[in-house]
Amino acid sequence: MVRCKPQSPKPLSRIQRYGLAVLSVSVALGGALVLERFHFRDVEVPLFLFAVAVAAWYGGTEDAVLALILSCISFDYFFVEPLHTLDISLSDLPYYIVFASFASLVTWFSALRRRVEGELRQARDDLEIEVAERTQQANLLNLTHDTIFVRDMSDVITYWNRGAQELYGWTAEEAIGKRAHELLQSVFPASIEEIHAELLHSGRWDGELKKTRADGTRVVVASRWSLRRDELGRPAAILETNNDITERKRREQEIRILNEELRKRTAELEAINKELEAFAYSVSHDLRAPLRHMAGFTELLKKNTASLLNERSQRYVMMILESAQRMGNLIDDLLAFSRIGRAETHKTMVSLEQLVEEALTEVRQDTEGRHIDWRVGGLPACYGDRSMLRLALVNLISNAVKFTRTRSQAEIEIGCMNQQQDQVVVFIRDNGVGFDMKYVSKLFGVFQRLHPPEAFEGTGIGLATVQRIAQRHGGKAWAEGLVGKGATFYFSLSKSPGV
Amino acid sequence: MSALGRILLVEDDPKDVELTITTLEEYNLANEVVVTRDGEEALDYLYRRGTFTTRSNGNPAVLLLDLKLPKVDGLEVLQQIKSDEKLRMIPVVVLTSSHEERDMVASYRLGVNAYVVKPVDFYEFVNAIRELGVFWAIINEPPPGSIKAK
């Protein structure tokens, strides 16, 4: 805002001032002489006083003194008997003194006025500078995206920046002069007395407030208050900065709801897991007993009837026994498999090379009389459950041994692929009977088998176990194969300990 | 051969009872076997209550205890025995179908003397029963006050 300010008169130079004194006395003298000619009496003294006053007013004290001296000389010379001399009679002296005193008084008043005028001008200039500075600061506050407003101690808004207008929808003209908490319908997290107590104590307060916009919508803001005190230290105003956190609060609420749902789902899963555990327990206990009876009494039958039964009947008895045995194995494998899914993983840094070594020692016990060319490549250490990873390796290696049984010279290669950044991929390759890629999706299913039991024994749980172990390590298991040409089995593990 | 200790078999499944008795008979260990069919009956025997009020005094040399029993289950029987001053010295062998670790841990925590999982395979089952019978009824010296065949 630009205002036109009145120009203060330029101070006169010394010559101009003295000129003014001479001029004003001359004009007064001329005027007095002319008026005397027309028989006006006793006008010269007021005219000279007027001249001194003009000189004092416009020229200053020095001027006034010069005008006074000139006035006295002119008065003596032109108006006091004897005329046209500078002689002064003693009886006229009091007259001069009164004149000079009166002129001095006028001069003194004039000087006083000038000084007061100067001070006023200075004060006005200072004020203008401060107004300019404040205006500039206010304009800067308008540039920020934050919502800033100032209110006095009776909550009346005195400043309202553009950010406030944008957030709340009230213009500065509408907001200034209103009570802030009424205008914005503020909802406080604590009583206003408590908040003010803290504000007065520490000079600051911050917290979350609910406010209402001009259009009636609610908004949640992170609010920071600063107390401004005047020169005497009395609370003068509160500067309040608001940031709109409505969206953040909404997201937090969403996250809370999602977490709650997650908690419920987890509880449900835990309940299901408990049921599963009870089921496994029941399988472990209740299915075994009849199986044991079948096997036991069949054995007793076999023993007691050995001499009575013909060969075919004896074979039937054998088949019952084998089936009981097989069912026992299936139950054991199924329980072991379910335990892999249920058990907690105990993850540490594990050397895969050492695990392969251990698995080979275990598997080699069953490879007597076989010619197997083992090729074991370098393997890294990784983060995982030692016993689970060992089981996965034993399953895959013994599979390779099993399905190369028909080869006179078996080749089994164990190694690691190094393409992935975040995963370790281990492979076991053999030159065994292989499989048809058409059935690759069935390989890792529970009790899925691609070969008849008389060709290759097994319950069909080994690869399902490998898959589950890989999954519990943030990876997966997969395979490639060709009938009669061998197979390659892969499993991946996450490198990061978090999975 | 020293005197045969009395075996108290606590087993609800009649087929298991028969298989066990048959096996023990085969090795001449069955003479001193008493069978109870649930936990309550087993405790009745030990405390000479109910149908056992008239039995002669003395504790069995060993108790073969199934865990899954009607009325009072095996773990409760075990707890009762091990917390009773007069019974706590009786050797107790849990003979169960359960592979579950928590059963095993609970049994040992209560002070069981041995924990045997019944094998599915008949020969292994026979071996286990025979060895149990021989060890506990013949080799092991039972605590004073146990019943032995003269």
* Output the residues belonging to the range A:359-373 that are part of a strand (DSSP E or B) and surrounded by fewer than 16 Cβ atoms within 10 Å (Cβ to Cβ). => A:ASP373
* Residues of the range A:215-230 satisfying the condition of being open to solvent by less than 50 Å² (accessible area, probe 1.4 Å) and either modelled with pLDDT of 90 or more or basic (Lys, Arg) (or both) -> A:GLY216, A:VAL219, A:VAL220, A:VAL221, A:ALA222, A:SER223, A:TRP225, A:SER226, A:LEU227
* Asked: Take the residues of the range A:339-357 that are hydrophobic (A, V, I, L, M, F, W, C) and touching a Phe, Trp or Tyr at 6+ places or on another chain (Cβ under 8 Å): which is most open to solvent (accessible area, probe 1.4 Å)?
  -> A:MET349
* Structure fact -> Contact list, first residue from the range A:436-448 and in a loop (DSSP other than H, G, I, E, B), second anywhere and of a type in the set (D, E, K, R), beta-carbon distance below 6 Å, six or more apart or interchain, is A:GLN448/A:LYS442
* May I ask you to verify whether A:ARG256 is more than 30 Å from B:MET104 (Cα to Cα), open to solvent by 70 Å² or more (accessible area, probe 1.4 Å) and either of a type outside the set (S, T, N, Q) or more than 14 Å from chain B (Cβ to nearest Cβ) (or both)? => yes
* **Scan of the range B:44-67 for residues that are in a helix (DSSP H, G or I), touching a residue at least 24 places away in the same chain (Cβ under 8 Å) and more than 18 Å from B:ASN31 (Cα to Cα), ordered by number** => B:LEU46
* Structure fact -> Residue count, the range A:281-338, condition open to solvent by 20 Å² or more (accessible area, probe 1.4 Å) and of a type in the set (Val, Ile, Thr), comes to 2
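Checking the condition assigned to a helix (DSSP H, G or I) and away from every other protein chain (no Cβ under 14 Å), which residue from A:ALA295, A:ALA267 passes?
A:ALA267
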* Give just the number: which of (1) in contact with a helix residue (DSSP H, G or I) (Cβ under 7 Å, 6 or more places away or on another chain); (2) small (Gly, Ala, Ser); (3) in contact (Cβ under 8 Å) with a residue 40 or more places away in the chain does A:ALA172 not satisfy? => (3)
* To do: Count, please, the residues in the range B:1-31 that happen to be in contact with a Ser or Thr (Cβ under 8 Å, 6 or more places away or on another chain) and open to solvent by 20 Å² or more (accessible area, probe 1.4 Å).
  => 1
* To do: Output yes when any residue across the range A:238-261 is assigned to a loop (DSSP other than H, G, I, E, B) and over 21 Å from the mean Cα position of the chain (by Cα), and no when none is.
  => no
* Asked: Here are some conditions: (1) closer than 26 Å to A:SER154 by Cβ; (2) open to solvent by 50 Å² or more (accessible area, probe 1.4 Å); (3) basic (Lys, Arg). A:LYS211 meets all but one. Which one does it not meet?
  -> (2)
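Looking at A:LEU276, is it in the same structural domain as A:MET417 (by TED's automatic domain parsing) and open to solvent by less than 100 Å² (accessible area, probe 1.4 Å)? Before you say what the answer is, go through the steps one by one.
Working: in the same structural domain as A:MET417 (by TED's automatic domain parsing): no; open to solvent by less than 100 Å² (accessible area, probe 1.4 Å): yes.
So A:LEU276 fails the test.
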* Inside the range A:474-499, can you point out the residues that are of a type outside the set (A, V, I, L, M), on the phi < 0 side of the Ramachandran plot and within 33 Å of the chain's Cα centre (by Cα)? -> A:SER494, A:LYS495, A:SER496, A:PRO497, A:GLY498
* Restricting attention to the range B:82-107, and to residues there that are assigned to a loop (DSSP other than H, G, I, E, B) and small (Gly, Ala, Ser), which single residue is modelled with the lowest pLDDT? -> B:SER98
* Sole residue being open to solvent by less than 80 Å² (accessible area, probe 1.4 Å), within 14 Å of another protein chain (Cβ to nearest Cβ), under 14 Å from the mean Cα position of the chain (by Cα) and among the β-branched types (Val, Ile, Thr), chosen from B:VAL94, B:VAL62, B:VAL34 -> B:VAL94
* Could you please find all residues in the range B:108-125 being more than 14 Å from every other protein chain (Cβ to nearest Cβ) and either out of contact with any helix residue (DSSP H, G or I) (no Cβ under 7 Å at 6 or more places or on another chain) or in a helix (DSSP H, G or I) (or both)? => B:TYR108, B:ARG109, B:ASN113, B:ALA114
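The values are calculated or read from the model by the stated rules, or taken from the named source; none is laboratory data. What you see is a predicted model, and the numbers here were worked out from it, not measured in a lab. Virtual Cβ from ideal backbone geometry, glycine too; neighbours counted across all protein chains shown. When the accessible area is computed, the model is the full protein with side chains, heavy atoms only, and any ligands, DNA or RNA have been set aside. Shrake-Rupley method; radii C 1.70, N 1.55, O 1.52, S 1.80 Å.
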